[in-house]
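What follows is a single structure, written as structure tokens, with notes after it.
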Protein chains: 2
Amino acid sequence: MRGEFDFINFVRRQTEKKQRPSGLAMGIGDDAAVVTARPGNTSVVTTDLLIEDIDFRRHWTPPRLLGHKALAVSLSDIAAMGARPRWTLISIGVPSSVWKTNFPQEFYRGFFALADQYDVALIGGDISGTPDRIVVNSTVIGEMKQQRHVLRAGARSGDLIFVTGKLGGASAGLRLLEAGGQAPDNHPSSRPSKRRGFNARELVMLRQLSPTPRVGWGIRLGEQRLATAMIDISDGLSSDLTHLTQASEVGATIEVERIPVDPLVEQVGMKNHEALALALHGGEDFELLFSVRPRNRARVPKEVDGVPATLIGEITDEAGRLQLQEGGRTRVLKPQGFVHFAGRGPSQK
Amino acid sequence: MRGEFDFINFVRRQTEKKQRPSGLAMGIGDDAAVVTARPGNTSVVTTDLLIEDIDFRRHWTPPRLLGHKALAVSLSDIAAMGARPRWTLISIGVPSSVWKTNFPQEFYRGFFALADQYDVALIGGDISGTPDRIVVNSTVIGEMKQQRHVLRAGARSGDLIFVTGKLGGASAGLRLLEAGGQAPDNHPSSRPSKRRGFNARELVMLRQLSPTPRVGWGIRLGEQRLATAMIDISDGLSSDLTHLTQASEVGATIEVERIPVDPLVEQVGMKNHEALALALHGGEDFELLFSVRPRNRARVPKEVDGVPATLIGEITDEAGRLQLQEGGRTRVLKPQGFVHFAGRGPSQK
């Protein structure tokens, strides 16, 4: 890329090659984008900041996976509202040394691969230089029928607690990366079917670097009004369950045996109790945690997009109390928010 | 502030103190915000990244004015679409040393002062640490009746060219700041009526640090379908007129005598030709540049919110050709994009 204008034109051409989505009157190339929601629909909006040396390290993050992750974390928020993602705006700041590499193209390659998978259109953004570090901010706008959004508040005593996918992989992957692990940089996309051929170490590193947002699950749970409350697991099960129960003014009991600990975590050499700790407290798995009325239990899909959901416990009426049940014994579960390697602060994620 | 959670609660309380705007189902405190556009309305969305030592210097930028400016640049984009701003999300990253000061509160004080002035509601954002520099990303969503948005494309030969306010002040202010000028940090808001008591040097520095987006003008021009094309002046008149004429596939002739050069620029000691150069090529005045059909000339308001608009020239059919007319002589006007002090790149602004 010769300069930033060339690059904006490159990105714009990428978006113009695609079919214009319905509802988009103006995309990249004016002062702002112009979009219209479908009649009777409501919009959901989220924004996430990723900062080098806080949220990621450049030397262990292939640019394509950073482009993927920047979008993935915001798509996960939209899924957690029960909405369908439609539009995205992305701001990137890169130092001039990085600008001259293939970083920008690779970043957008990863970004568009994920966006295209879910028919999310890039409609705007900002591009800037920075003195030394990379910074990315993603904004995603989703849509759903009015009154169908799923908040963190809404869980009632007796509701069943489900979680999608498997837990603990992303934080196990972070440990391997911190210990010098090298992630594959030829990872084509987030589709699980494309993940064949990677070994367990590579797969857990990809769980950290290239999380798959549960977009299909979010849409299904929202459209069918199945979830009474929902949150995505970005800070860790214990922390995010705390957020959900606090917002709903309830408590919860989780059965240890039911927690879907990612089997990869033990395969990469961690002990059973370490794997459980990562599943409980590790962050960035970006799975969905949701509650369902007992009468709707049978209506919860076995899986969506090949990803199952697991019943792990029950909402109780003891507001503020989280419990772990294991072999007839019950102990208190304290939220142990996953603290990222450089003191990443809490966010609205 | 003890920590970031306290701060998020502080910001959330600020938003909850205000009356809940119609159309807002969920603001800060869930995975995403939930908003509904008014029936028959269309949304416009813009996002802008501000990076320390690229877009601003910490030592000359009072935090309150940074909060103001972060929102102002995005509000200016919304105005340039002819829309009414409604919602905003703000991401801020600050190093821990700054976190411990009154920076966050002051930043939001400036932010909310401007947001409240135009009834724009803060509905989300992200907060993060950074290793050393401050970074801010603002997103603003506006609304207008369907088909009322004003693009850069749409100007036709014969259309009259207007610009709001006065030009050159922001870049003159930047020169003073670069030369060690000290801006007042007790500047309460962007309302011009509150600017009494400042001298000319302080006022031009405030033009740079605390620009006033032309929100009222944008709404008026959009609602009355007066502007055939519009852009905000962020890169400078010559550059932004180039953007408008390129998008419209037309040319333009500007009369030098009509350009509303900010009289403050000469008052702070710059020569007449320097002032004109800043008015033509200096950036960040955030005035609106728009074209109007000749038959609608009398319908253009004399002023909106106390800010006049000035007729400065005419659209021509010579696509790609910009001309300056002065005392019967005509010369070619080349875009000389204002390059910020550390090589700020172009953006969608």
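The values are calculated or read from the model by the stated rules, or taken from the named source; none is laboratory data. As the structure is a prediction and not an experimental result, all values here were calculated from the model. No Cβ is skipped: glycine too gets one built from the backbone with ideal geometry, and neighbour counts run over all protein chains shown. Surface areas here come from the heavy atoms of the whole protein model, side chains and all, with no ligands, DNA or RNA. Shrake-Rupley method; radii C 1.70, N 1.55, O 1.52, S 1.80 Å.
Could you tell me the calculated FRET efficiency between A:Q246 and A:K100, based on Cβ-Cβ distance and R0 = 51 angstrom, to the nearest 0.05? The formula returns an efficiency of 0.60 here.
Here the Gaussian network model covers chain B, with springs between Cα atoms less than 10 Å apart; of B:V292, B:V261, B:V332, B:V332 fluctuates the most.
Counting Cβ atoms of other protein chains within 10 Å of each Cβ in B:133-145 and taking the mean gives 4. Structural size metrics of the protein assembly as shown, computed from C-alpha coordinates, are Rg and Dmax of 25.9, 95 Å. In order along the stretch A:27-35, the Karplus-derived 3J(HN,Hα) couplings, from 6.51 cos²θ - 1.76 cosθ + 1.60 at θ = phi - 60°, round to x, 5, x, 10, 5, 7, 8, 10, 9 Hz, and Gly and Pro are given as x.
Treating the stretch B:160-332 as a set of equal point scatterers at the Cα positions, no solvent, please give the Debye-formula log₁₀ I(q)/I(0) at q = 0.12 Å⁻¹. Reported log10 I(q)/I(0), two decimals: -0.54. Across B:R295, B:R201, B:R20, mean-square fluctuation computed from a Gaussian network of chain B (C-alpha pairs under 10 Å connected) peaks at B:R295. Cβ-Cβ distance of A:A319 and B:E303, R₀ of 51 Å, FRET efficiency by 1/(1 + (r/R0)^6): the value works out to about 0.35. Ranked from largest to smallest solvent-accessible area, with a 1.4 Å probe on the protein heavy atoms, B:R84, B:R329 come out as B:R329, B:R84. Among the residues of A:50-62, the average count of other protein chain beta-carbon atoms within 10 Å of the residue beta-carbon is 2. In this structure, the pairs whose alpha-carbon distance is over 28 Å, taken from A:K18/B:K69; B:K18/B:K145; A:K334/B:K18; A:K17/A:K100; A:K145/B:K145; A:K271/A:K334, are A:K18/B:K69; A:K334/B:K18.
Axis angle, to the nearest 10 degrees, between helix B:272-281 and the longest C-alpha principal axis of chain B: 70 degrees.
Of the residues making up the stretch B:67-102, those losing 30 Å² or more of accessible area when the isolated chain is joined by the remaining protein chains, with a 1.4 Å probe, are B:M81, B:L89, B:S91. Hey, how many Å between the Cα centroid of the stretch A:279-320 and the Cα centroid of the stretch B:211-262? Here the two parts' Cα centres lie 53 Å apart. Across identical copies of the chain, A:L24 has label-point separations of 2.9 nm, listed in ascending order, with the point defined 7 angstrom from Cα along Cα→Cβ. For peptide A:320-330, the mean count of partner chain Cβ atoms within 10 Å of a residue's Cβ comes to 0.
Computed from phi, the 3J(HN,Hα) profile of the stretch A:243-252 under the Karplus parametrisation 6.51, -1.76, 1.60 (θ = phi - 60°) reads 4, 5, 6, 5, 5, 8, 6, 9, x, 7 Hz, with x in place of Gly and Pro. With a Förster radius of 35 Å applied to the beta-carbon distance between A:E257 and A:K145, the computed FRET efficiency rounds to 0.40. Under a 5 Å amide H cut-off, with hydrogens placed 1.01 Å from N, B:A25 pairs with B:V34, B:V35, B:T36 among residues at least 5 apart or on other chains. Most tightly packed first, judged by the mean number of other beta-carbon atoms within 10 Å of their residues, the peptides B:272-279, A:150-157 read A:150-157, B:272-279. Once the chain from B:R38 to B:R13 is taken as fully extended at 0.36 nm per residue, the excess over their C-alpha distance is 6.4 nm. With a 1.4 angstrom probe, the accessible area lost at the A-B interface totals about 5000 Å². Under 5 Å between amide hydrogens, built in the peptide plane, is the criterion, and for B:G154 it picks out B:S248 among residues at least 5 positions away or on other chains.
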